[in-house]
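This report concerns only the one structure given below.
The values are calculated or read from the model by the stated rules, or taken from the named source; none is laboratory data. Note that the structure is predicted; figures quoted are calculated from it, not measured. Counting neighbours? That spans all protein chains shown, and the Cβs are built from the backbone with ideal geometry, glycine included.
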Amino acid sequence: MSTENISSANTKSTSVKSTSAAGEYLTFVLGEEQYGLEILKVQEIRGYDAVTQIANTPDFIKGVVNLRGKIVPIVDLRIKFNLGKVEYDEFTVVIILNLNGRVVGIVVDGVSDVMALKEEQIRDVPSLVSNIDTKYIVGLATVEEQMFILVDIEQLMNSQEMALIEAVAVH
């Protein structure tokens, strides 16, 4: 009986993990790295257009755009992640996200694919692997010898920054 309890406890813990990490992810490129974020957070993908800059905002907030009458703040993830020189080209896109009713755009170097990830494809992040704080990372996924960093986009856009972004959108 104790063996049954252990196996059912293991089943419960893995099912909790699978509901939080497994699922469909939009993969995108920033510099040399491949990232993924939950597809359910994505509203649309657009080409990078000029933004209206707002004074006294952090460097990673590029400005705002008018998206069908709604003012949307645009965050450049390359600047946010300190990934070096930012160059915009024909592959640069803005992923429009809906994060708990707040609409925000993130600038990335390119969008790759939408992929369904199973729990067994996702691994925990070793603490020294990434140049991003690991609290923003759900895990590392491996698909056909390619590694993806899965980002918790809501955690990344923490409440302090969301307040800043919201203030930008209002003005």
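Odds and ends about this structure:
- Cβ-Cβ contacts under 7 Å between residues 6 or more apart (or on different chains), taken from a first residue in region 46-58 that is touching a residue at least 12 places away in the same chain (Cβ under 8 Å) and of a type in the set (Lys, Arg) to a second residue that is assigned to a strand (DSSP E or B) and surrounded by 10 or more Cβ atoms within 10 Å (Cβ to Cβ), are listed as Arg46/Val93; Arg46/Val94; Arg46/Ile96.
- Among the candidates Glu154, Glu119, Glu144, Glu87, the residue that is of a type in the set (Asp, Glu) and within 14 Å of the chain's Cα centre (by Cα) is uniquely Glu154.
- Assessment of region 35-43 against the conditions (farther than 22 Å from Val138 by Cβ and at pLDDT 90 or above) yields no matching residue.
- Qualifying positions in region 68-82 - surrounded by fewer than 20 Cβ atoms within 10 Å (Cβ to Cβ), more than 16 Å from Leu99 (Cα to Cα) and hydrophobic (A, V, I, L, M, F, W, C): Ile79
- Residue that is modelled with the highest pLDDT, among those in region 98-156 that are closer than 30 Å to Lys70 by Cα, in a strand (DSSP E or B) and of a type in the set (D, E, K, R): Asp113
- Within region 33-83, the set of residues being under 26 Å from Met115 (Cβ atoms) and of a type in the set (D, E, K, R) comprises Glu33, Glu38, Lys41, Glu44, Arg46, Asp76, Arg78, Lys80.
The rows are residues; the columns are (1) out of contact with any helix residue (DSSP H, G or I) (no Cβ under 9 Å at 6 or more places or on another chain); (2) under 28 Å from Thr142 (Cβ atoms); (3) surrounded by 20 or more Cβ atoms within 10 Å (Cβ to Cβ).
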{"position": "Gly84", "(1), (2), (3)": "no, yes, no"}
{"position": "Tyr88", "(1), (2), (3)": "yes, no, no"}
{"position": "Phe91", "(1), (2), (3)": "yes, yes, no"}
{"position": "Asn100", "(1), (2), (3)": "no, no, no"}
{"position": "Val104", "(1), (2), (3)": "no, no, yes"}
{"position": "Asp109", "(1), (2), (3)": "no, yes, yes"}
{"position": "Val114", "(1), (2), (3)": "no, yes, no"}
{"position": "Leu117", "(1), (2), (3)": "no, yes, yes"}
